[in-house]
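Encoded as structure tokens, the structure appears first; notes follow it.
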Amino acid sequence: MKPSLLPGDIRYGASTARHPRDAVQELHAAIAMRDPALTIFYCAPDYDRDELANAMRESFPGQVIGCTTAGEISPAGYMRGSLVGVSLAKTIARVAVGRVDDLSAFELADGERLARGLLDRLADGGPEPTGRRCFGYMLIDGLSMKEEHVVSAIYRELGDIPLMGGSAGDGERFAETHIYHDGAFRRGVCVLAIVETDLPFVVFRTQHFVPSLERMVVTEADVPNRIVSEINGEPAGREYARMVGLEVDKLTPLIFATHPVVVQVGGDYYVRSIQKVNDDESLTFFCAIDEGIVLTVARGVDLVANLLETFTAVRQRVGEPQLVLGCDCILRHLELDRREIKDQVAEIFAANRVVGFSTYGEQFHGMHVNQTFTGVALGSGVSHG
């Protein structure tokens, strides 16, 4: 492995062509390399998946993973209806990729077995993988409702290796999401890549919400399906609406994006975003919710300033980013539209070479979170001893 980044070691690009083969051809022209360690792509859910899969399989050798999205993030900023991708050369990375199928029957041992197998594969003929040289990147079916279990099981087996990733999307339809691996799109699966590199890197997350004094207790919930029927002993939708100063019939995805709730875990606050209000005034969440949990209505701070601060800290760690694999919650995307600040955020992303997608949820270390921007930034040169 080379100790520094050379031109062409990381390539990224995008296509807005509507026909799958045309889009793949344009992406191939931008990111193809002779001997890739890993190729990652993010695609709009409107493409014909079978045709896109066939074209990707024919055009890109080696290890390729990808997913459908709720919006794409290209080197030029936010996009919709596009195909975006990035490739890493073997000169800068060794990568082991694996998959868990049938998440409906997932057990903790499945995630542990996946992580351990990939670590053993990387260790074969080399040093034991550690967090100084390795990070994990996962893509998971965004409608599986298994993210918490999967990310927890994988992370506990990784030791000190940081982990991040995103839940695949389906635009704003929430009907079906797909993960690409081993030449085909699949549902109900999780793909994990463990990347070993000498380049400096940092895994990070940021959110632009702080807790208010408005607290509520989940008093009745359908935990497996992430549905809260009662808050403070009242119909959940009605009580949440009251706490944000609205009537229940005024609750929309934009309201949920603007007024999320947070839960405190180990001294930090994590967003638990609401997906929708149901006909019976229950609330469906993007994250697992337990009865008895205390939720706090959050208030937003300056999203643009928050991102600038985040990337200032990233640059202090790794220098100028050569690539940031980014997972950005769909609810953040909706908020950017409402506040008309998408262009400002796109400029920040472009300046920091962010490539990724709008998600149905994000994974950070051992947690599944919402309404965050999570990422791994790769710098240039050696910072790991």
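Please treat every number below as a calculation from the coordinates, not as lab data. Computed from a predicted structure; not experimentally measured. Here Cβ is always computed from backbone atoms with ideal geometry, including for glycine, and neighbour counts include all displayed protein chains.
For this structure, a couple of remarks:
- Over the range 1-88: Kirkwood hydrodynamic radius from C-alpha pairwise inverse distances, Å: 13.0
- Full extension of the chain between E347 and R156 yields a length gain of 65.1 nm, computed as 0.36 nm times the residue separation minus the alpha carbon distance.
- Degrees between helix 108-123 axis and first principal axis of the chain (Cα, 0 to 90, nearest 10): 20
- Cα centroid of the range 42-88 to Cα centroid of the range 302-371, whole Å: 19
- Distribution of pairwise C-alpha distances over the range 272-385, 5 Å bins, in %: 2, 10, 17, 21, 18, 13, 9, 5, 3, 1, 0, 0
- Burial order of peptide ranges 247-258, 136-147, 198-209 (average beta-carbon count within 10 Å, highest first): 136-147, 198-209, 247-258
- Principal axis analysis of the Cα atoms in the range 209-300 yields extents of 35, 26, 21 Å, listed in decreasing size.
- Contour excess over end-to-end distance, with Cα ends at E128 and V265 and 0.36 nm allotted per residue: 46.2 nm
- Axis of helix 147-158 versus longest Cα principal axis of the chain: the two differ by about 50°, to the nearest ten degrees.
- Counting all C-alpha pairs of the chain, share separated by more than 31 Å (%): 33
- Charge dipole of the chain about the Cα centre (unit charges at C-beta), most positive-ward option of F286, V223, G117: G117
- Label-point gap, in nm, between R21 and A313 - each point 7 angstrom along Cα→Cβ: 4.8
- Comparing P260, P20, P127 in a Gaussian network model of the chain, where Cα atoms under 10 Å apart are tied by springs, the biggest mean-square fluctuation is seen for P127.
- Residue-span extension gain [A32 to R215] - 0.36 nm each, minus C-alpha spacing: 60.8 nm
- For the chain, built as a Gaussian network whose Cα springs stay under 10 Å, the top-fluctuating residue of G245, G267, G233: G267
- Placing +1 on the Cβ of every Lys and Arg and -1 on the Cβ of every Asp and Glu, with no other charges, gives the range 195-294 a dipole of roughly 340 debye about its Cα centre.
- Between 0 and 90°, nearest 10: helix 330-339 axis offset from the chain longest Cα axis: 70
- Residues Y47, Y269 arranged by fewest to most Cβ contacts within 10 Å: Y269, Y47
- Under the Karplus curve 6.51 cos²θ - 1.76 cosθ + 1.60, θ = phi - 60°, whole-Hz ³J(HN,Hα) for the range 369-376, x wherever Gly or Pro sits: 10, 10, 6, 10, 10, 10, x, 10
- Where Cα atoms sit under 28 Å apart: lysine pairs in the chain separated by 8 or more or lying on different chains: 5
- Normalising the average separation of contacting C-alpha pairs (under 8 angstrom, six or more residues apart) by the number of residues puts the relative contact order of the range 209-300 at 42 percent.
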